Amino acid sequence: DSAVTIKTMRGGTDAESDTSLLSRLLELMRRTPAGGNKYDYRRWAMEVSGVTEAYVYPLRRGYGTVDVVITASGGLPSDETLKAVQAHIDDQRPVTAKDTLVMAPEPVSTDISVKVSLDGLSLDEARTQITQVLTDYFSRLAPGEIAVRTQMGALISDTSGVVDYELTAPT
């Protein structure tokens, strides 16, 4: 006679793709643990479930400080994710790092206005495609990184069905 008690399980992560696993392995091999350098902080943040990217800014607020900005799969991280990353880093960081702050990026809105000449594409289809490529572009920018107007223009120009364009805003 035997009995099994099953309790609710929490945590875990979704299955990882081979590409993602290889990327993590290569990152670890290229940037081995080094006693608390910026690559260690990035790795510690990325170890927390739900974090999709981490940007590390050592000494940003002075000696002994490290700021870590994280993003999540849905964009901005939840308060729960921020607290989990903060706790994990506090457990891992060297004692000399007196003040570590984990935060979400601050979203910045910008209006984009484009005049387009189209061939074989409706205005609604063009709007959808251009919005998608620009959204993808902005999502790849690191916090504080400047959006380059010519790169936005190249993405618009590469959109199938766009013959010509004029980026009227931002100026």
Exactly one condition in (1) modelled with pLDDT under 95; (2) outside any helix (DSSP H, G or I); (3) not β-branched (Val, Ile, Thr) is false for Asp136; which is it?
(2)
Tell me whether region 97-114 contains one or more residues that are surrounded by 11 or more Cβ atoms within 10 Å (Cβ to Cβ), closer than 30 Å to Ser49 by Cβ and polar (S, T, N, Q).
yes
Can you go through Leu82, Leu134, Leu118, Leu76 and tell me which one is surrounded by 12 or more Cβ atoms within 10 Å (Cβ to Cβ), touching a residue at least 24 places away in the same chain (Cβ under 8 Å) and either among the hydroxyl-bearing types (Ser, Thr, Tyr) or closer than 30 Å to Tyr39 by Cα (or both)?
Leu76
Among (1) surrounded by 18 or more Cβ atoms within 10 Å (Cβ to Cβ); (2) touching a Gly at 6+ places or on another chain (Cβ under 9 Å); (3) at pLDDT below 95, which single condition is Asp40 missing?
(2)
Residue tally, condition under 20 Å from Asp91 (Cβ atoms) and either modelled with pLDDT under 90 or touching a Pro at 6+ places or on another chain (Cβ under 8 Å) (or both), over region 45-65:
4
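The values are calculated or read from the model by the stated rules, or taken from the named source; none is laboratory data. What you see is a predicted model; the values in this text were computed from it and never measured. Cβ: placed from backbone, ideal geometry, glycine included. Neighbour counts: every protein chain shown.
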